[in-house]
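Let me begin by presenting the structure, written as structure tokens, before commenting on it.
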Amino acid sequence: MTQAPPAYEITGHTRLICLLGDPVSHSKSPMMHNEGFRQLGLDYCYLAFKASEDTLQATVDGLKRLNCRGFNLTMPCKNKMAALCDHLSPAARIGGSVNTVVNEDGVLTGHTTDGLGFLRSLKEAGLEYNGRKMVLFGAGGAGTAILVQSALDGMREISLFSRSSSPLIARTRQIVDTLNQQTSCQVNLFDYDDLILRREIGSAQILANATNIGMAPDTDRCLLPDASYFHRDLFVADAIYNPGETRLLKLARSAGCRTMNGLPMLLYQGAEAFRLWTGEELPVEIVREKYFL
């Protein structure tokens, strides 16, 4: 018989780990991490706190004084947090965005685990991404994290699509230039043009959507109008997990493509943050069964 995990109790030694952003009430992160702490008998507690760009500096100062072990960032705090860290991982430095912070005696190191979560999701799905070509939609927080980590970790070529009218386009161009200079990956930036979309998707092995197009409640929206853009050897991933199958994934599946929604990425980015804070591996199968199925 499998021994039950130890009872979860707050003690005088319990250390805080938390989530900062707005909104946070919908997040699965507290359930995920607290379940991990319970299963492994670790004396941590994970809570979610509402924070904005305006209040982030004061909030972080308070967490440092309280010897908080670390914290996650969600929108709108990821970019500003990068400027508040003492050290940055290579991916966080290039992308200028942080979603995980580790506190070592008041010294804050910022990481971005979304891209790692995405790549682990591909690997768990049995897909080899090293040396492959990916088409990526969106250069916001999730898109930038996927872009940077994929280029650092061996993707051969990435065709990134982002609106030229985006207020972030200058920052996106700078990141693309940095990746082309500092990695062996060829990164190309395009606006959404039908002929270019068909050409780039036609020669890619992976298509990933990191925009919010198709997210609930606007589930009828899709960046591609029909299934003619897909080919059977294409693996299609969507960072969206609500709904579980977006219109993009439905079209891809109808064309014979393998597909994946955003839940595995969410799980594995959390697992990487868990490892950074605790040095232990999140029991992903238990967490998946309880909160992600």
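Please identify every one of the chymotrypsin sites (Phe, Trp or Tyr not before Pro) in segment 176-277 that sits in a loop by DSSP and has no more than 16 other beta carbons within 10 Å of its own beta carbon.
Taking segment 176-277 and a limit of 16 other Cβ atoms within 10 Å, the loop chymotrypsin sites (Phe, Trp or Tyr not before Pro) found are 192.
Within straight-line reach of residue 80, meaning a Cα separation under 24 Å, sit the following lysines at least 8 residues removed in sequence or on another chain: 28, 50, 64. A 1.4 Å probe run over the protein chains yields, for the chain, 46 Å² of accessible area per residue, whole-number rounding. The fraction of accessible area contributed by carbon and sulfur in segment 177-247 is 44 percent, rounded to a whole number (1.4 Å probe; ligands and nucleic acids excluded).
Set Lys and Arg Cβ to +1 and Asp and Glu Cβ to -1, take the dipole of the chain about its Cα centre, and tell me which of 149, 42, 160 lies farthest positive. In the chain, that residue is 160. Of the solvent-accessible surface of segment 1-140, computed with a 1.4 Å probe and all protein chains present, 52% belongs to carbon and sulfur. Residue separation times 0.36 nm, minus the C-alpha to C-alpha distance between residue 65 and residue 43: what's the value? Separation in residues times 0.36 nm, less the Cα-Cα distance, equals 6.0 nm.
Note on the chain: with a GNM built from Cα contacts shorter than 10 Å, the maximum mean-square fluctuation among 66, 56, 20 falls on 66. Positive contributions from Lys and Arg (+1) and negative ones from Asp and Glu (-1), summed over other residues with Cβ under 12 Å from the Cβ of residue 205, come out at +1. Each peptide in 105-116, 39-50 receives the mean, over its residues, of other Cβ atoms within 10 Å, and ordering these scores from highest gives 105-116, 39-50. Within the shell of other residues whose beta carbon sits under 11 angstrom from the beta carbon of residue 243, the net charge comes to -2, with Lys and Arg scored +1 and Asp and Glu -1.
Given +1 at the Cβ of Lys and Arg, -1 at the Cβ of Asp and Glu and no other charges, the dipole of the chain around its Cα centre is 280 debye to the nearest 20. Loop-located GluC sites (Glu not before Pro) in segment 122-172 (DSSP state not H, G, I, E or B) with no more than 15 neighbouring Cβ atoms inside 10 Å: 128.
The values are calculated or read from the model by the stated rules, or taken from the named source; none is laboratory data. Just so it is clear, the model here is predicted, and its values are computed rather than measured. Note that each Cβ is placed from the backbone with ideal geometry, even for glycine, and that neighbours are counted across all protein chains shown. The accessibility values were calculated without ligands, DNA or RNA, using every heavy atom of the protein model including side chains. Shrake-Rupley method; radii C 1.70, N 1.55, O 1.52, S 1.80 Å.
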